[in-house]
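Readers should treat all values here as calculations from the given coordinates under stated rules, not as data from a laboratory. Keep in mind it's a predicted model, so treat the numbers as computed, not measured. We place every Cβ from the backbone using ideal geometry, glycine too, and count neighbours over all the protein chains shown.
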């Protein structure tokens, strides 16, 4: 295809599988490739945003980092969907719990993503768009979680543009609307999937509590403790 390589991805068309697992951290992408895929080959290192293609249970699958935030996710998911022929992207990442019963290391499957981002404004809608997951993958994901007897929640998450907020009370407003957790990428992924008529799902592992900073995963634990979510995502690919 004439659009590849892109300014952000050096892979040739065909180097990236139809199904992509997308963590935020490039080192997490490397970890997944080295520990879960066979015959893994690095297909992107532009800006150190690592991407690999290999096989899982004999089927081709790629893993590529999205980077942090919706602008970065917006770029990579758009290019994968529209320039590389990718049909499905599953985000595996971490999130901060907004609800007391959603604990560290619990899995949250984002059926929808609320957002404080202006990302959707590019489409000039006369209303509000609700970014949501693909139902087929969502349903299959729940079945796998049930089969593995894992603790999980399904519901709305918040994709925010702001990590260090000057409004300390803002998260409580989302909490009151029963938003389960907060992260920074899912809404952009779901919007791009909808616009491209492709499939997307976000499977998140709780890494900390928004209203209690006494307990959280370390950066190393964040990189390596998402194995359950990673295995579910790979099984859905």
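Relative to the dominant Cα principal axis of the chain, helix 26-36 is inclined by about 70°. Using the Stokes-Einstein relation with a Kirkwood hydrodynamic radius computed over Cα pairs, the translational diffusion coefficient of the chain at 10 °C and a viscosity of 1.306 mPa s comes to 90 µm²/s. Quick check: the angle from helix 186-196's long axis to the longest principal axis of the chain, C-alpha only, nearest 10 degrees? Helix 186-196 sits roughly 50 degrees off the main axis of the chain. Available extension along the chain between residue 60 and residue 169 is 34.7 nm, counting 0.36 nm per residue and deducting the alpha carbon span. If you plug the beta carbon distance of residue 212 and residue 3 into 1/(1 + (r/R0)^6) with R0 = 35 Å, you get a FRET efficiency near 0.15. The mean sequence distance of close C-alpha pairs (under 8 Å, at least 6 residues apart), as a share of the length of the chain, puts its relative contact order at 26 percent.
Of all beta bridges that DSSP places with both ends in segment 19-235, some 40 percent have antiparallel geometry. Packing around the peptides 120-128, 89-97, 33-41, taken as the average count of other Cβ atoms within 10 Å per residue, puts them in this order, highest first: 89-97, 33-41, 120-128.
Rounded to the nearest 10 degrees, the inclination of helix 70-83 to the longest alpha-carbon principal axis of the chain is 30 degrees. Helix content alone sets the calculated 222 nm mean residue ellipticity of the chain: runs of n ≥ 4 DSSP H residues at -39500 (n - 2.57) each, divided across all residues, give -9000 deg cm²/dmol. Cα centroids of segment 181-230 and segment 18-79: 15 Å apart.
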